Amino acid sequence: MDGTCIDLFNGCDESSDFVFFDPLDAEEASNALIAQVFDRERDTVDTDPTFTLGITYLEVGIMFTPFEVIGDSVNGHCALNLDGRLPDYVAPCAATTTSDFTIFSDATYAVWTPVSAVPIPAAIWLFGTAMIGLVGFGKRKSLTA
């Protein structure tokens, strides 16, 4: 999404405003963007950065994933989607809390949505309990034989 960090990330005044709080998680997320969105075979999204919302520059699209606020500086990792002549890559990057990406044709914020933990279905627990019971029953039977 385009805009300022302040507008997009709940004031952009604390690192807790972001989904990722450390550089490794932000780097992994940016690598996932490249691997799952920008590097698909026979996919025009990789060779034409303008298919990404907020990018109008034909040669490169920069998706900024913030993880830390220090004063008015925002640290993050950027996924760089190049036009196909060079491989895409991830690099550390920084902006300010007031950097307005609407004025940059090659940059936009990667706004991530937190996902809650997926509960293990009851069937798994039921199956596991049944397996333990069968193992126990088999041991008991072999002891009495």
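Derivation of every value follows stated rules applied to the coordinates shown; laboratory data play no part. These numbers come from a predicted model, not from an experiment. Reconstructed Cβ throughout: ideal geometry from the backbone, glycine too, with neighbour counts over all protein chains shown.
Tabulated values for the structure
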item	result
Residue-wise HN-Hα coupling along the stretch 65-78, computed from phi with Karplus coefficients 6.51, -1.76, 1.60 (Hz; x: Gly, Pro)	9, x, 9, 8, 10, 10, x, 9, 9, 10, 9, x, 10, 10
Peptide ranges 76-88, 54-66 listed from the most packed, as the mean C-beta count within 10 angstrom indicates	54-66, 76-88
Computed label-point distance, nm, for sites Thr129 and Trp112 using a 7 Å Cα→Cβ extension	3.6
Extension gain (nm, one decimal) between Leu58 and Glu14, 0.36 nm per residue minus Cα-Cα	12.5 nm
Residue-wise HN-Hα coupling along the stretch 5-20, computed from phi with Karplus coefficients 6.51, -1.76, 1.60 (Hz; x: Gly, Pro)	4, 4, 6, 8, 10, 6, x, 6, 10, 9, 4, 5, 6, 9, 6, 10
Efficiency of FRET from Cβ geometry, Ala91 and Asp7, R₀ 30 Å, rounded to 0.05	0.80
Under Karplus coefficients 6.51, -1.76 and 1.60, residue-wise ³J(HN,Hα) of the stretch 85-100 in Hz, glycine/proline x	6, 10, x, 5, 7, 10, 9, x, 8, 9, 8, 10, 5, 9, 4, 9
Reciprocal mean inverse distance between Cα atoms of the stretch 1-95 - Kirkwood radius, Å	13.7
Residues with amide H under 5 Å from that of Val74, placed H, sequence gap 5 or more	Ala95, Thr96, Thr97
Estimated inter-spin distance, Phe21 and Asp48, nm [label 7 Å along Cα→Cβ]	4.1
